[in-house]
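What follows is a single structure, written as structure tokens, with notes after it.
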Amino acid sequence: MMELVSFYLPSDYWEDVKELRLRVFVDEMDVPSELEIDEGDQLALHFAFIENGRPLATLRILEEKQKAKIGRVAVAHSHRRQGIGTKLVQEAINYCQKHKIQSISLGAQTYITDFYVAMGFHQQGDIFLDAGIPHVEMILDV
């Protein structure tokens, strides 16, 4: 059975979550590993869906005052297109609503903006490159 966990570092979940992120971003998308794991991980609240001790999906939330930035959204290849990413982002939105966050932002890869639009996000600004991949800023007013 899949369970949602949230944690700050250090955590027993971190090594497996980090491995999932490296598989998705470094192995699949050719993001340099030194860009994938950064100082933001030490500050972030991490969310993950865990099943049989293994993470299926993960993201992180960086908070500053009444704003939050969702990032590092990754879903295991074997579990994509099953609604897990949607559920995980919705859990992050719910957390932000509970904690009086007024605005959530994220940098979405351009091919997946419709995923975020379906959850109420809107595009702000022009396309930019992050690790050589086209992204666009998405905003959700909570």
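The values are calculated or read from the model by the stated rules, or taken from the named source; none is laboratory data. Being a predicted model, the structure only gives us computed values, none of them experimental. Glycine also receives a Cβ, built like all others from the backbone with ideal geometry; neighbour counts cover every protein chain displayed.
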Self-check item: Tally, over region 107-142, of residues that are in contact with a His (Cβ under 9 Å, 6 or more places away or on another chain) and not charged (D, E, K, R)
Solution: 11
Exercise. Starting from region 130-142, take each residue that is closer than 21 Å to LYS100 by Cβ and part of a loop (DSSP other than H, G, I, E, B) and list its partners that are of a type in the set (Ser, Thr, Tyr) and at pLDDT 95 or above, counting only C-beta distances under 8 angstrom and pairs at least six apart or across chains.
Key: VAL142/SER103
Quiz prompt | Candidates ASP27, ASP114, filtered to the one that is over 25 Å from LEU140 (Cα atoms) and of a type in the set (Asp, Glu) | solution = ASP27
Practice problem: Please work out which one of (1) exposed (fewer than 13 other Cβ atoms within 10 Å of the Cβ); (2) modelled with pLDDT under 95 is the condition ASP12 fails and give its number. | Solution: (2)
Quiz item: What is the residue count in region 12-48 for residues that are under 22 Å from ASN94 (Cβ atoms), in a helix (DSSP H, G or I) and among the small types (Gly, Ala, Ser)?
Solution: 1
Quiz item: Of these, THR58, THR113, which one is surrounded by 14 or more Cβ atoms within 10 Å (Cβ to Cβ), among the hydroxyl-bearing types (Ser, Thr, Tyr), within 18 Å of LEU9 (Cα to Cα) and touching a strand residue (DSSP E or B) at 6+ places or on another chain (Cβ under 8 Å)?
Solution: THR58
Quiz prompt | Verdict on VAL89 being outside any strand (DSSP E or B), among the hydrophobic types (A, V, I, L, M, F, W, C) and within 24 Å of ILE127 (Cα to Cα) | solution = yes
